[in-house]
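The values are calculated or read from the model by the stated rules, or taken from the named source; none is laboratory data. Source: prediction; values computed, not measured. Glycine also receives a Cβ, built like all others from the backbone with ideal geometry; neighbour counts cover every protein chain displayed. Quick note on the areas: whole protein, heavy atoms, side chains included, nothing else; ligands and nucleic acids left out. Shrake-Rupley method; radii C 1.70, N 1.55, O 1.52, S 1.80 Å.
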Amino acid sequence: MGRKNSINITPLEVVHTSKSSGVTTTGANTTPVSVSGAVFTYKTNSVYRIWVMGRLNSAAATTGAAIQFDLSSAVTSIDVIGYNTLAAAGTISGFASVADDASVAVSSGVPAGPLDVPIIANGLLITGANTGTAQLRLRSETTAVTELLAGVVMVVEKIL
């Protein structure tokens, strides 16, 4: 008789899902703008995994973007990394954010077109003693207009 192994896996709790209905457009500057409907509430002493998927459009092929989160209270850490298509040849360009409403890297363009290109990001939010809200934000790389198209999906799962 063989020995049976069993693994108990607790499913993650999906605490937020959203799909944006409108286009989010940056101004002709690098100031982040809020993505409508893409905000969730976080609890104290918790860990959340965040997924964001959508389409990006820039008027100029030389203009990339980044997404980040504006937090309403202090947290232990917020880490976001993502990418979008850089050239029609298939290369990609990345972006990152490791602080409240601040990008530490911004993607460096999109394919010439302009074209609608996929943008994907993953994040990890570790809270501390505070509750609060996390608002998804879009930032343009340069002083050109960048758009996050309607239909951006955000999924937030509570890990701990």
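For region 102-128, what are the residues that are exposed (fewer than 15 other Cβ atoms within 10 Å of the Cβ), in contact with a Phe, Trp or Tyr (Cβ under 9 Å, 6 or more places away or on another chain) and assigned to a loop (DSSP other than H, G, I, E, B)?
Within region 102-128, just V104 meets the criteria.
Looking at (1) without any contact (Cβ under 8 Å) to a residue 40 or more places away in the chain; (2) open to solvent by 30 Å² or more (accessible area, probe 1.4 Å); (3) not aromatic (F, W, Y), which is the only condition T131 fails?
With (1) without any contact (Cβ under 8 Å) to a residue 40 or more places away in the chain; (2) open to solvent by 30 Å² or more (accessible area, probe 1.4 Å); (3) not aromatic (F, W, Y) applied to T131, the lone miss is (1).
Out of the residues in region 47-94 that are more than 20 Å from V145 (Cα to Cα) and of a type in the set (S, T, Y), which is least open to solvent (accessible area, probe 1.4 Å)?
Y48
Residue check: is D116 closer than 14 Å to M53 by Cβ and of a type in the set (D, E)?
Considered against the rule, which asks whether it is closer than 14 Å to M53 by Cβ and of a type in the set (D, E), D116 comes out as yes.
What number goes with the only condition from (1) within 16 Å of the chain's Cα centre (by Cα); (2) under 23 Å from S21 (Cα atoms) that A59 does not pass?
(1) is the only condition that A59 fails.
Taking the condition of being among the polar types (S, T, N, Q) and open to solvent by 40 Å² or more (accessible area, probe 1.4 Å), how many residues in region 136-156 meet it?
Residues that pass the stated criteria total 2.
Going through region 79-98 one residue at a time, which ones are free of Cβ contacts under 8 Å to residues at least 24 places away in the same chain and more than 13 Å from the chain's Cα centre (by Cα)?
Answer for region 79-98, where residues must be free of Cβ contacts under 8 Å to residues at least 24 places away in the same chain and more than 13 Å from the chain's Cα centre (by Cα): A89, G90, T91, I92.
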